[in-house]
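The values are calculated or read from the model by the stated rules, or taken from the named source; none is laboratory data. Computed from a predicted structure; not experimentally measured. Using ideal geometry, Cβ is built from the backbone for each residue, glycine included, and neighbour counts are taken over all protein chains shown. Only protein heavy atoms, including side chains, enter the accessible area calculation; ligands, DNA and RNA are left aside. Shrake-Rupley method; radii C 1.70, N 1.55, O 1.52, S 1.80 Å.
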Amino acid sequence: MSIGIIGAGNIGAAFARALVRAGIHAIISNSRGPEALAGLAAELRPFVTAATVEEAAKADIVLVAVPWSKLSQALSGLPDWNGRIVIDANNPIEAPLFKPAALNGRLSSEIFSDLVPGARVVKAFNHLQSHLLSGNPAAEGGKRVLFYSGDDAGAKAEIGSLIEKLGFFGIDLGSLAIGGSLTQFPGGPLPALNLVKFG
């Protein structure tokens, strides 16, 4: 399964580093183009290379982690997703003010899903601080927990398998309506918790 990353900020870069640690290949992109990612690409080679957003969007699994206010722009004009898996690693908040976005009573994953028509959306990789995502998942003597949720069983199985390959302990929280609300930041009770599974 090919993996693409749209967004090279804290979460996108941390996910890329987790892939490198596990020896998994991917391509990473941002709005400024591959040249702007030369330094990060040099750090992550040979497993992760810089590409355009359009190239990253063609992968079998695509993680999206961009500032909330730029999501629509980042995902506009891309080809149909045709049932490919898209990981929603976004939170409806952004630096420097960290003011919650106006969601008008909807979950952020519902809004995200509207921006990737035809995709099988899985919410994951958004609730841990980036240094924990890129760090050793066995640092406390167990396996660090990663939550995921979605409405497509096959897509969740793929992401659950990826989480396991990265060395984490994945917990399926169910549908986007349930799991998305539990892991949404701000508002959900699970973000920023550093939970470890022992045994």
key: Portion, in percent, of the accessible area of the stretch 1-151 that falls on carbon or sulfur, probe 1.4 Å   = 52
ask   = Which of the lysines could a cross-linker span from residue 165 if the Cα-Cα distance has to be under 30 Å and same-chain partners fewer than 8 positions apart are dropped?
value = 58, 123, 143, 156, 197
note = the chain, Gaussian network, Cα under 10 Å: of 172, 152, 114, the residue fluctuating most is 114
request  = Take the Cα coordinates of the stretch 68-155, assign each an equal point scatterer, and use the Debye formula without solvent to give log10 I(q)/I(0) at q = 0.16, 0.22, 0.23, 0.25 Å⁻¹.
outcome  = -0.77, -1.17, -1.22, -1.29
note = For the chain, dividing by residue count, accessible area per residue (probe 1.4 Å) in Å² works out to 45
inquiry  = How high is the relative contact order of the chain? Use alpha-carbon pairs under 8 Å, at least six apart in sequence, and give a whole percent.
reply    = 19
inquiry  = Cut-off 10 angstrom, C-alpha nodes, Gaussian network model of the chain. Which of 71, 103, 44 fluctuates the most?
reply    = 103
key: Gyration tensor (alpha-carbon) shape descriptor, the chain, a/c threshold 1.5   = rounded
query = Based on Cβ point charges of +1 for Lys and Arg and -1 for Asp and Glu, what charge dipole magnitude is obtained for the chain about its Cα centre, in debye rounded to the nearest 20?
reply = 400
request  = Can you figure out the FRET efficiency of residue 32 with residue 198, using R₀ = 45 Å and their beta-carbon distance, to the nearest 0.05?
outcome  = 0.60
query = Of the residues 169, 15, 98, which exhibits the maximal mean-square fluctuation in a Gaussian network model of the chain defined by a 10 Å Cα contact cut-off?
reply = 98
ask   = If ligands, DNA and RNA are left out, what is the accessible area of residue 140 with a 1.4 Å probe, given in Å² to the nearest 10?
value = 90
remark   = In the neighbourhood of residue 134 defined by beta carbon distances under 13 Å, the net charge of the other residues (Lys, Arg +1; Asp, Glu -1) is +2
Efficiency of FRET from Cβ geometry, residue 104 and residue 42, R₀ 30 Å, rounded to 0.05 = 0.10
